1. Give me the net charge for the shell around Asp31: Cβ to Cβ below 15 angstrom, other residues only, Lys and Arg +1, Asp and Glu -1.
2. Pick out, in residue order, every one of the trypsin sites (Lys or Arg not before Pro) in segment 80-158 that is DSSP loop and has at most 10 other C-beta atoms within 10 Å; say none if there are none.
3. Within the accessible area of segment 1-138, what % is carbon and sulfur when the probe is 1.4 Å and the other protein chains stay in place?
4. Output the direction-averaged projected area (hull surface divided by four) of the convex hull of the alpha-carbon atoms of segment 1-124, in nm².
5. Given contacts defined as C-alpha pairs under 8 Å and at least six residues apart, what's the relative contact order of segment 8-118, whole-number percent?
6. For segment 5-57, report the accessible area per residue in Å² (1.4 Å probe, heavy atoms, rounded to an integer).
7. On a straight-distance basis, which lysines could pair with Lys95 in a cross-link, Cα separation under 28 angstrom, same-chain partners fewer than 8 positions away excluded?
8. Check cross-link reach from Lys34 to the lysines: straight Cα distance under 22 Å, and skip same-chain residues fewer than eight apart.
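The values are calculated or read from the model by the stated rules, or taken from the named source; none is laboratory data. Just so you know, these numbers come straight off a predicted model, no measurement behind them. Cβ sites come from the backbone with ideal geometry, for glycine too, and all protein chains shown count toward neighbours. For the accessible areas, the whole protein counts, side chains as well, though only heavy atoms, and no ligand, DNA or RNA atoms are used. Shrake-Rupley method; radii C 1.70, N 1.55, O 1.52, S 1.80 Å.
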Amino acid sequence: LAVAGSSDMVCDLLGVKGKDILYMGDHIFGDILKSKKRQGWRTFLVVPELARELQVWTEKSELFEELRSLDLFLAELYQHLDSGSSERPDISSIKRRIQKVTHEMDMCYGKMGSLFRCGSRQTLFANQLMRYADLYAASFMNFLYYPFSYLFRAPPVLMAHESTVEHSRLDMGEAGTALAPWLAQHSLPGQQVG
């Protein structure tokens, strides 16, 4: 445990490299970002507001579920439309409902809203936390629930293009293109694909 001082000195003193150190702090820029970029340290961000965030997330789950359902409904409206479609669905009532639910959700957190999200979108703070903090919790005391040898690993997160493709249906073919399923459906008669 070190307080203040030079990060280079800490590494030299302990005879370790960046990934061997878990740095705990409560400031996303001053503690987490700098120690990760400068030394490559593993980072743990203490976010005391997380306790309240989790309480609202649990108590108001019906609002989050409604917002998710509205987002899915919007996606379904546009599912079979493309750039050649002249049809424009009227989504004004859905947008109003999304705004109402988002406002209601934000007010559950207090006047400032959630630290982590606004409706279904993450805040800048949440994006920075996900990008730079290896671990985060409301208190460092959460470590008491894990053995010292525990290997913390982030769950896999799909990127937008990955979440829209089923692995069982993806045919990369010899050409190595993810367009093969689309081409198979849209090819001209007699035209060979892959």
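1. +4
2. Lys111, Arg153
3. The nonpolar share, carbon plus sulfur, comes to 54 percent.
4. Taking a quarter of the hull surface, the average projection is 11.7 nm².
5. For segment 8-118, the relative contact order is 19 percent.
6. 64
7. Lys60, Lys111
8. Leaving aside lysines fewer than 8 places away in the same chain, those within reach of Lys34 are Lys17, Lys19.
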